[in-house]
1. Exactly which GluC sites (Glu not before Pro) in the stretch 1-41 are in a DSSP loop and have at most 15 other Cβ atoms within 10 Å?
2. Tell me which chymotrypsin sites (Phe, Trp or Tyr not before Pro) from the stretch 34-93 have a DSSP coil assignment and no more than 14 other beta carbons within 10 Å of their own.
3. Output the Cα-based Rg and Dmax of the chain in Å, rounding Rg to one decimal and Dmax to a whole number.
4. Describe numerically, in nm with one decimal, the distance between label points set 7 Å from Cα along Cα→Cβ at T100 and at L57.
5. Taking amide H atoms as placed 1.01 Å from N in the peptide plane, list the residues 5 or more away in sequence, or in a different chain, whose amide H sits under 5 Å from that of T68.
6. At a Cα cut-off below 27 Å, give the lysines reachable from K13, other chains included and same-chain residues fewer than 8 away excluded.
7. For a protection proxy built on the mean count of beta-carbon atoms within 10 angstrom, sort 87-99, 36-48 highest first, please.
8. Mind giving me the nanometre distance, one decimal, between the label points for F111 and I20, set 7 Å out from Cα along Cα→Cβ?
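Throughout, read-outs are computed from the coordinates displayed, never taken from laboratory work. This structure is a prediction, so every number in the text was calculated from the model and none was measured. A quick note on method: Cβ atoms are made from the backbone with ideal geometry, for glycine too, and the neighbour counts reach across all protein chains shown.
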Amino acid sequence: MVEPTDEELIITKKVNSSFIGTNLEDYLKENGITTVVITGLTTPHCVSTTTRMSGNLGFATYLISDATAAFGMKDHNDTYYNPATIHNISLATLHNEFATILTTEQLINKFIK
């Protein structure tokens, strides 16, 4: 269902942002694409970094909350935070500063209907 079609460009990243070391920014600008929709793993790492860069580069950026996820982690004091907490806090730090956070259904209603 989510496999790329023959016409779709595949960009492979090697660091925590889809914009670093790739031609993504150039491709978007050369093709007049001004909106970026972000999904993937993990919310506090690659998703967050790509979202911040997208927003800072001036793209209208939408992060899809139910198409991203996080893993639980411990902080520097060995305090554990569950995946939902990490995910939700990561989304909160991005919303209305770097991106608009939407669910899949909200995105479809906004752009398809």
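1. Qualifying residues, ordered by number: E7, E8.
2. Working: sites: F59, Y62, F71, Y80, Y81; in loops: F59, F71.
Sites meeting the loop and neighbour criteria: F71.
3. 14.9, 48
4. 2.0
5. G40
6. K29, K74
7. Highest-to-lowest ranking by the protection proxy: 36-48, 87-99.
8. 2.5
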